[in-house]
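Before any comments, here is the structure.
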Amino acid sequence: GNSVTQMEGPVTLSEEAFLTINCTYTATGYPSLFWYVQYPGEGLQLLLKATKADDKGSNKGFEATYRKETTSFHLEKGSVQVSDSAVYFCALSDPYSSASKIIFGSGTRLSIRP
Amino acid sequence: DTEVTQTPKHLVMGMTNKKSLKCEQHMGHRAMYWYKQKAKKPPELMFVYSYEKLSINESVPSRFSPECPNSSLLNLHLHALQPEDSALYLCASSQTPDEKLFFGSGTQLSVL
């Protein structure tokens, strides 16, 4: 079945450091891929998405590229800020299901030190 | 209005109580969802309503009963819950079942 595997956290970085959070997936067909972010005490927010191979999603300085050959969708940011501290979830949706069943990875907690 | 509003934000209930969680959106979305999230875990899908009809029930125990009175509202009725049901309950909506999800802030439920 479909699944998402993320690197385990927590990840702790200093402000202005480079960020990579790894995500790989297993899926039949051609899923859409997402990164969601959850700030403390809040629900999830869509950060970025990509719907086909080689697409690059980007938002708020974050980027991720849909790599079909390596089944990966790694999240990157060139210079993190304290305000980026949150839990990040990689997710996929199966476009062939009758209703959207988003499958989430286990989440990666990111903490940024001033 | 791009918000999904959930009430209450916090709820404490005993195992014999009956309570309801409410969710509302005014974005014209036709798919609405209930997720359960335990601490430090990803959200787990419970129910999906598509065009006001229940389309997915992920084998959720009958002590959880969803209701979609109209296209803007989604309720989750709770009865005879167990302490292990304590979690953050998230509502979400999307334009159609295949579009991106918009989440509410959740209801933090504690069952004593």
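No value in this document is a laboratory result; all are computed from the given coordinates. Quantities reported herein were computed from a predicted structural model and do not represent experimental measurements. Don't worry about glycine lacking a Cβ; one is built from the backbone with ideal geometry, like all the others, and counts go over all protein chains shown.
Couple of notes before you dig in:
- Residue (of B:LEU76, B:PHE47, A:LEU19) at the positive-pole extreme of the protein assembly as shown, dipole from beta-carbon charges: B:LEU76
- Relative to the Cα centre, the charge distribution of the protein assembly as shown, modelled as +1 at Lys and Arg Cβ and -1 at Asp and Glu Cβ, gives a dipole magnitude of about 380 debye.
- Of the trypsin sites (Lys or Arg not before Pro) found in the range A:1-56, those in coil by DSSP whose Cβ has at most 16 other Cβ atoms within 10 Å are A:LYS52.
- Distance from the Cα centroid of the range B:1-33 to that of the range A:44-89 is 29 Å (rounded to whole angstrom).
- Ranked by how many other Cβ atoms sit within 10 Å of their own Cβ, fewest first, the residues B:MET46, B:MET13 fall in the order B:MET13, B:MET46.
- For A:LYS56, the aspartates and glutamates whose Cα comes closer than 15 Å to its Cα, not counting residues fewer than 8 places off in the same chain, are A:GLU69, A:GLU76.
- Residue-wise HN-Hα coupling along the range B:5-14, computed from phi with Karplus coefficients 6.51, -1.76, 1.60 (Hz; x: Gly, Pro): 9, 10, 9, x, 7, 9, 8, 10, 9, x
- Remark: the range B:63-79, residue by residue, has Karplus-estimated 3J(HN,Hα) of 5, 9, 10, x, 8, 10, x, 7, 5, 9, 10, 9, 10, 10, 8, 10, 8 Hz, where x stands for each Gly or Pro and the curve is 6.51 cos²θ - 1.76 cosθ + 1.60 at θ = phi - 60°.
- Remark on A:MET7: its backbone amide H falls under 5 Å from those of A:ASN22, a criterion applied only to residues 5 or more positions apart or on other chains, H modelled at 1.01 Å from N.
- Cross-link pairs A:LYS77/B:LYS40; B:LYS9/B:LYS41; A:LYS60/B:LYS41; A:LYS52/B:LYS53 - those with Cα-Cα distance over 28 Å: A:LYS52/B:LYS53
- Partnerless Cys - the protein assembly as shown, beta-carbon criterion under 4.7 Å: B:CYS68
- Out of every Cα-Cα pair that chain B contains, those further apart than 17 angstrom amount to 49 percent.
- Dimensions of the protein assembly as shown based on its C-alpha atoms, expressed as ranges along the principal axes with the largest first, amount to 50, 40, 34 Å.
- Straight-line reach from B:LYS19: taking Cα to Cα under 20 Å and skipping same-chain neighbours fewer than 8 places apart, the aspartates and glutamates in range are B:GLU67, B:GLU84, B:ASP85.
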